1. Taking region 3-70 as the region of interest, what is the percent of Cα-Cα pairs per 10 angstrom bin, listed from the shortest bin to the one with the maximum distance?
2. D for the chain, whole µm²/s, Stokes-Einstein with Kirkwood Rh over alpha-carbon pairs at 37 °C and 0.692 mPa s: what number?
3. Can you bin region 82-125 into rounded, prolate or oblate? Criterion: square roots of the alpha carbon gyration tensor eigenvalues sorted a ≥ b ≥ c, rounded for a/c under 1.5, prolate for a/b above b/c, oblate for the rest.
4. Regarding region 31-93, what are the three Cα extents along the principal axes, ordered largest first, in Å?
5. Between residue 28 and residue 60, how high is the FRET efficiency from 1/(1 + (r/R0)^6) when r is the Cβ-Cβ distance and R₀ = 22 Å? Nearest 0.05.
6. What full-extension length gain, to one decimal in nm, is calculated for residue 122 and residue 53 as 0.36 nm per residue of separation minus the Cα-Cα distance?
7. Highest GNM mean-square fluctuation, the chain, Cα pairs closer than 10 Å: which of 51, 17, 115?
8. With angles folded into 0 to 90 degrees, how steeply does helix 90-100 sit against the dominant principal axis of the chain? Use alpha carbons for both and round to 10.
């Protein structure tokens, strides 16, 4: 996984505020971070600067937007968990998850549809 897309829990929650509200005046982001995360203005601007330097967010003219979409971060994070914890084995990951939590018939159907779509992409030259 690209190191720049690896977000700590607080960074992810902060970026999620941007993803959910962009484009976002930086002053409004300060208020959202105070309300949702309990952060002070200085903390908000420190984390914002760090995520801008890493290319995750941008702050142009006092308006904050994402340069990297949430689903890209989620995909990379998920892949890193599977690689690190299950040696890259998706079946081992799914088995571990299913042993801990029952799923509904609807969830099972949704998972089957995802698997079918992934297999079709693999089978298409």
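1. It works out to 23, 64, 13, in whole percents.
2. Working: Rh = 16.9 Å.
Value of D from the Cα-based Kirkwood radius: 194 µm²/s.
3. Numbers: a/c = 4.25, a/b = 1.14, b/c = 3.72.
Because a/c hits 1.5 or more and a/b fails to exceed b/c, region 82-125 counts as oblate.
4. 45, 24, 15
5. E(calc), rounded to 0.05, equals 0.90.
6. 21.2 nm
7. Largest GNM mean-square fluctuation: 115.
8. 90 degrees
Values quoted throughout were computed directly from the atomic coordinates according to the rules given, and no laboratory measurement underlies them. These numbers were taken from a predicted model, which means no experiment stands behind them. Cβ: placed from backbone, ideal geometry, glycine included. Neighbour counts: every protein chain shown.
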